[in-house]
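Throughout, read-outs are computed from the coordinates displayed, never taken from laboratory work. The shown structure was predicted, so the numbers you read here are calculated from the model rather than taken from an experiment. Cβ placement follows ideal geometry from the backbone for every residue including glycine, while neighbour counts extend to all protein chains displayed.
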């Protein structure tokens, strides 16, 4: 099973998100991971440059890029199922940890040390709060985009996700929400041209 790691990662594009919802624009976990990585990097920059708290934005981006890798083996479990009860959440966490270990086994031994911190190690724990917030911000942006496309299916998810973001207590999230989220309500013409 060694040397299959990147072939597995490539399959992220086949795993859809929001499976219980009607989507105007389907999203897969590869697209979501990219979005989350971009936002996590921004939150890291905000933490470092605005809040003046030591942070490595590149570390945030790398962890976010790999944050849904277990779903390569588990699929994307819908949020209402995943968080239905502490027992289900705990069992799913164990399955995710097993999936991470299985994925690490698909790397040559000499590369595992570089990827283990991204999938399940100390690095992941160090930036967990920002990556989790970036994951929620990415979901919130998806809800805004669906609403703007005329899809009312995401109205409740948008309201719930915004409430979670507002309760997060992270100043980086407040900054991102204040400075960047309003632009997602604009059309391309309203955004204007660059230059």
**Asked** In deg cm²/dmol and to the nearest 500, what is the mean residue ellipticity at 222 nm of the chain if only DSSP H runs of at least 4 residues count, each as -39500 (n - 2.57), divided by the residue total?
**Response** -18500 deg cm²/dmol
**Asked** Taking square-rooted eigenvalues a ≥ b ≥ c of the alpha carbon gyration tensor, is the range 57-109 rounded, prolate or oblate, where a/c under 1.5 means rounded and, failing that, a/b exceeding b/c means prolate?
**Response** oblate
**Extension gain (nm, one decimal) between residue 45 and residue 22, 0.36 nm per residue minus Cα-Cα** = 4.8 nm
**Prompt:** With all pairs of different alpha carbon atoms counted, what Kirkwood hydrodynamic radius in Å does the range 94-195 show?
**Reply:** 16.4
**Complete:** With a Förster distance of 45 angstrom and the Cβ-Cβ distance between residue 186 and residue 98, calculated FRET efficiency to the nearest 0.05 equals 0.55
**Asked** Once Rh is set to the Kirkwood radius over Cα pairs, what Stokes-Einstein translational diffusion coefficient, in µm²/s, holds for the chain at a temperature of 20 °C and a viscosity of 1.002 mPa s?
**Response** 120
**Asked** Is the shape of the range 4-65 rounded, prolate or oblate, going by the alpha carbon gyration tensor and its root eigenvalues a ≥ b ≥ c, with a/c under 1.5 for rounded and a/b larger than b/c for prolate?
**Response** oblate
**Prompt:** What does the highest-first list of 84-94, 139-149 look like by mean Cβ count within 10 Å?
**Reply:** 139-149, 84-94
**Request:** Kindly identify the range 15-107 as rounded, prolate or oblate by the Cα gyration tensor criterion: order the square roots of the eigenvalues as a ≥ b ≥ c, call it rounded if a/c is under 1.5, otherwise compare a/b with b/c, prolate if a/b is larger, else oblate.
**Result:** prolate
**Request:** Tell me the label-point distance for the pair residue 179, residue 153, using the 7 Å Cα-to-Cβ offset, in nm and rounded to one decimal.
**Result:** 3.4
**Asked** One-quarter of the Cα convex hull surface for the range 105-150, in nm²?
**Response** 4.5
